[in-house]
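The values are calculated or read from the model by the stated rules, or taken from the named source; none is laboratory data. No experiment lies behind these values; they were computed from the predicted model shown. Cβ sites come from the backbone with ideal geometry, for glycine too, and all protein chains shown count toward neighbours. These accessible areas exclude ligands, DNA and RNA; they are computed on the full protein's heavy atoms, side chains included. Shrake-Rupley method; radii C 1.70, N 1.55, O 1.52, S 1.80 Å.
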Amino acid sequence: QVQLVESGGGLVQAGGSLRLSCAASGRIFSRYAMGWFRQAPGKEREFVAAISWTDGRTYYADSVKGRFTISRDNAKNTVYLQMNSLKPEDTAVYYCAAAGLWAVSGTEYRDWGQGTQVTVSS
């Protein structure tokens, strides 16, 4: 079992920045990838970014490429999502998740955090 706790959400104006954190505990050594997903009201959950714990490879959704950066601190078992040039359409609840393999589909992720709200005002 892996426990994930997100933090760092909030209200920001369009064009601003936020950094989300995801602290992992438990059997994190059994997980290969960490991902960020988001869900806006009335919309399906969507993939945002993923990173491997081992080799640091990353992958981004086209909608955030060039604006968001995912990173990890293995010593702290923490994954970050730096979000720059935020847009109102980035407004959503952001979830951190862990998977036992490299994946960008939410169905492959076994462990989920409680989510953190990000609101971008225009």
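Figures for the structure shown
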quantity: Per-pair calculated FRET efficiency, R0 = 30 Å: Gln114 and Thr54 via Cβ, rounded to 0.05; calculated: 0.70
quantity: Highest average packing first - 17-26, 33-42, Cβ atoms within 10 Å; calculated: 33-42, 17-26
quantity: For the stretch 49-122: relative contact order, % (alpha-carbon pairs under 8 angstrom, 6 or more apart); calculated: 25
quantity: Total charge dipole magnitude, the stretch 42-122, about the Cα centre, Cβ charges on Lys, Arg, Asp, Glu only, Debye to nearest 20; calculated: 140
quantity: Å² per residue, accessible surface of the chain at 1.4 Å; calculated: 50
quantity: Relative contact order (%) - criterion: Cα under 8 Å, at least six apart; region: the stretch 1-114; calculated: 34
quantity: Residue among Ser105, Pro41, Met83 farthest towards the positive dipole end of the chain, charges placed on Cβ; calculated: Met83
quantity: Nearest-10 value in Å² for the accessible area of Leu101, using the 1.4 Å probe; calculated: 80
quantity: Protein accessible area in the chain, 1.4 Å probe - carbon and sulfur %; calculated: 47
quantity: Asp111, Asp55, reordered so the largest accessible area comes first (probe 1.4 Å); calculated: Asp55, Asp111
quantity: Glu6, Glu89, Glu44, Glu108, reordered so the largest accessible area comes first (probe 1.4 Å); calculated: Glu44, Glu89, Glu108, Glu6
